[in-house]
Amino acid sequence: MKSTRAQGYLLSAIIFFVFIALWHVATLQTVHLAEGTHLAPAQIAALEEMGMATGDIETLAAAGLSFAQMQQLAGLGLTLEELEMAGGIGAFGFTTGEGGAAETAVTGFPGPGQVGREIVNQLSDPFYNRGPNDKGILLQLLYSLRRVALGFGLALLVALPLGFLLGMSPVFKTALDPYVQILKPISPLAWMPLALYTIKDAELSSIFVIFICSIWPMLINTTFGVAAVKSDWINLGRTLELGRFNLAWRIILPAAAPTIFTGMRISIGIAWLVIVAAEMLIGGTGIGYFVWNEWNGLNIDSMILAILVIGLVGFALDAALGTLLRRFSYKA
Amino acid sequence: MKKQLVLSETLTKAYPSENRGEPELVVFENVNFRIREGEFVTCIGHSGCGKSTILNILAGLQSPSKGYVFLDGKEITRPGLDRAVVFQGHSLLPWLTALENVTFAVRARWPEWTKAQVRAHALEYIEMVGLKDAFDRKPHQLSGGMCQRVGIARAFAIRSRLLLMDEPFGALDALTRGSIQEELVKICAATGQTVFMITHDVDEAILLSDRIFLMTNGPRAHVAEAVSINLPRPRDRAEIVHHPGYYTIRNHLVDFLVSRSRELSGGRHGATPVPVHNAKGELLFPPDVDPLALSETVTR
Ligand SMILES: Nc1ncnc2c1ncn2[C@@H]1O[C@H](COP(=O)(O)OP(=O)(O)O)[C@@H](O)[C@H]1O
Ligand SMILES: [Mg+2]
């Protein structure tokens with residue numbers, strides 16, 4: 001038992017290092033030329049064949065021109081010097097991004113070393129706040145977590161009593177079932193425009209979207225868990241004259257707890273999936289917006305870091321509810 | 001003669017038939033019986049004759065279609081702490097330990113007690129069923145027999161007027177069943193608890209009972225007779241079978257189950273209505289039968 005675990009973890013570590021190594025090798029190839037050059041060897045060879053000097057290719061690539069643009073230039077048959085005399089590449093209608101951004105943009109997919117440096121860099125000051133488009137990654141994460149906590153908490157407050165009602169009363173269950181069945185499969189993001197229009201507040205709208213996506217698994221599981229409580233236990237409570245509140249609190253709730261926590265676990269997973277998408281749509285703050293913002297700036301390494309963080313947080317949320325679930329589980 | 005504690009009067013349970021036009025299904029009809037204070041009564045009858053239904057009506061968990069049951073002169077209409085129920089499955093709360101399962105009931109019975117009082121009282125009953133060393137275990141860590149013992153401790157702990165048990169040992173193996181039966185004999189002797197129990201085990205019924213209610217087959221089942229078990233107490237499972245009257249009683253019961261229960265059955269359409277009242281309009285109870293006295297008359 002112990003040794004299978006150890007073997008498993010060893011294998012995990014091996015997979016990790018193999019992945020990093022492959023990643024490293026795969027990203028090496030495109031940057032084998034001078035700093036800032038983004039062209040593949042085959043592309044350089046093609047340009048050279050069209051009569052462009054190797055030095056010129058490197059300079060133009062460093063300036064941020066694409067392969068297509070350079071092919072056009074090569075087609076003109078001019079040297080770089082002649083180009084400069086003719087008024088620079090701008091005169092030919094070629095635009096390159098502003099220096100810095102273009103440079104990182106054209107270096108292609110970052111290698112593990114570069115992402116590692118970015119991780120250290122970001123995590124050395126994770127909570128900085130320099131205006132709307134420049135916040136530390138963990139600060140953005142806190143915005144997302146806050147939205148999830150609020151939306152999920154509200155959903156729990158509604159789902160639990162409502163689930164009890166539906167689970168205990170077949171009439172209400174039958175009455176509300178069609179609504180639940182129709183509302184449940186609606187993508188939470190489909191609510192977003194309507195929420196924005198009605199609530200007129202981006203923050204509240206995203207909380208609403210989390211609320212609406214996390215309520216269904218909790219409602220359905222609570223209903224099912226409450227309805228499935230063994231009738232012997234209910235009868236026991238009745239013969240002990242427990243009263244409605246004590247019956248619910250001391251018999252039905254603990255009996256249904258594992259099912260309810262399973263619902264909560266499903267809900268928090270969905271909420272975490274949805275918040276990233278919602279923040280990409282709404283913008284402003286949050287880890288989803290962070291990813292979107294880095295994509296717009298083509299900071300691939302920050303993006304990778306953010307994706308990693310999203311995965312880790314999702315894992316932590318699931319593990320936390322898994323622990324709660326185990327705490328309240330029982331063997332029948 | 002001890003005071004009468006339970007009275008069942010013209011108790012009837014019928015279910016509407018599934019097909020239209022067919023008469024309703026009368027499970028049992030005009031069931032009359034009395035249980036005296038401190039008496040141990042078992043009820044035997046073929047499966048489906050309505051034993052569990054009668055027990056549930058006594059518990060207040062089901063209601064009759066017609067007739068009444070009284071506890072101490074008061075009609076039973078809902079469940080209450082004056083009755084304790086041991087269900088067929090152990091029905092322990094699996095998230096609580098053995099002791100907590102008992103304190104759960106004790107707290108409900110005496111809400112004004114302190115924690116220490118509740119615990120001490122519950123422990124007393126846990127010890128009584130021989131589970132002192134296992135009080136801290138959850139039901140899944142206990143054997144089926146131990147679980148049923150906890151259920152019995154819980155039922156006795158609330159000191160109800162009437163203890164109801166529905167085939168409490170049905171799911172246990174023969175050896176375990178034997179040792180719990182023996183404990184039950186002792187506990188009942190010590191506490192003087194009034195018990196109404198359902199069983200399908202004839203030997204179990206003889207060992208435990210003062211009287212055995214024999215029910216005819218359904219539909220329209222009724223209690224045909226109340227067999228008195230006049231064997232000396234305290235009884236011992238190994239010794240009682242050597243009593244000269246044991247097999248007389250046993251044969252009487254088996255004979256009823258094998259043939260008479262069917263012959264006496266009311267049948268689906270109620271061809272032979274069972275008399276409920278005598279000529280003076282008084283309630284008729286099933287005859288008290290003592291197989292030992294019967295056999296004496298025969299041999300004499
Ligand atoms: N809801 C119901 N509808 C119709 N018949 C029922 C219903 N519940 C119980 N019965 C019938 O009542 C009869 C008595 O059941 P029960 O009291 O459990 O018998 P026993 O405990 O003697 O085996 C059974 O024959 C069963 O078919
Ligand atoms: Mg039954």
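Here is how the numbers come out for the structure above:
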| read-out | value |
| --- | --- |
| Nonlocal amide H pairs with B:THR194, under 5 Å, H built at 1.01 Å | B:GLY38, B:LEU163 |
| Stretchable slack from B:ARG36 to B:GLU183, in nm (0.36 nm times residue separation minus alpha-carbon distance) | 50.7 nm |
| Segment B:ALA238-B:ASN278, extension gain: residue separation times 0.36 nm, minus the distance between their alpha carbons | 10.1 nm |
| Point-to-point label distance, B:SER143-A:ASP201, nm (Cα→Cβ direction, 7 Å offset) | 6.4 nm |
| Sorted largest first, extent of region B:126-279 alpha carbons per principal axis (Å) | 57, 36, 30 |
| Coordinate range along principal axes, alpha carbons of chain A, Å, largest first | 100, 58, 35 |
| Rounded tilt (10° steps) of A:287-296 against the dominant C-alpha axis of chain A | 20 degrees |
| Cross-link reach list, aspartates and glutamates versus A:LYS331, counting only Cα pairs under 20 Å and skipping chain neighbours closer than eight places | A:ASP232, B:GLU100, B:ASP136 |
| Value of relative contact order over region B:89-159, rounded to a whole percent, pairs C-alpha under 8 Å and six or more apart | 50 percent |
| B:CYS43 long-range amide H proximity, modeled H, under 5 Å | B:MET197, B:ILE198, B:THR199, B:PHE213 |
| Paramagnetic label zone (point 7 Å from Cα along Cα-to-C-beta, B:ASP288; backbone N under 14 Å) in region B:196-219 | B:210-213 |
| Rounded to whole Å, sorted largest first: equivalent-ellipsoid semi-axes of chain B, Cα gyration tensor | 33, 24, 18 |
| Cα gyration tensor, the protein assembly as shown - rounded (a/c under 1.5), prolate or oblate | prolate |
| Calculated over region A:158-291: convex hull of Cα atoms, volume per residue (Å³) | 112 Å³ |
| Chains B and A together, accessible area buried on both sides, 1.4 angstrom probe, square angstrom | 1800 Å² |
| Set of lysines near B:LYS13 by C-alpha distance (under 28 Å), chain-local residues within fewer than 8 positions excluded | A:LYS230, B:LYS3, B:LYS51, B:LYS66, B:LYS74, B:LYS280 |
| Built amide H within the under 5 Å cut-off of A:LYS135, gap 5+ | A:ARG130 |
| Full-stretch length increase - B:ARG161, B:GLU127 - with 0.36 nm per residue and alpha-carbon distance subtracted | 10.1 nm |
| Counting DSSP beta bridges with both ends in the protein assembly as shown, the antiparallel % (nearest 5) | 50 percent |
| Accessible surface of chain A, 1.4 Å probe, proportion on carbon and sulfur as whole % | 68 percent |
| Longest exposed-site-free window of chain B, the sites being GluC sites (Glu not before Pro) in a DSSP loop that have at most 12 other C-beta atoms within 10 Å | B:113-281 |
| Under Karplus coefficients 6.51, -1.76 and 1.60, residue-wise ³J(HN,Hα) of region A:263-272 in Hz, glycine/proline x | x, 4, 5, 4, 4, 5, x, 5, 4, 6 |
| Value of relative contact order over chain A, rounded to a whole percent, pairs C-alpha under 8 Å and six or more apart | 17 percent |
| Per residue value of the accessible surface for the protein assembly as shown (all protein chains in place, 1.4 Å probe), Å² | 51 Å² |
| Estimated FRET transfer efficiency (A:VAL313, A:SER231; beta-carbon r; R0 41 Å; 0.05) | 0.50 |
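The values are calculated or read from the model by the stated rules, or taken from the named source; none is laboratory data. It should be emphasised that the depicted structure is a prediction, and the values quoted were computed from it without experimental measurement. A quick note on method: Cβ atoms are made from the backbone with ideal geometry, for glycine too, and the neighbour counts reach across all protein chains shown. Each accessible area value is taken on the protein alone, full model and side chains, heavy atoms only, with ligands, DNA and RNA left out. Shrake-Rupley method; radii C 1.70, N 1.55, O 1.52, S 1.80 Å.
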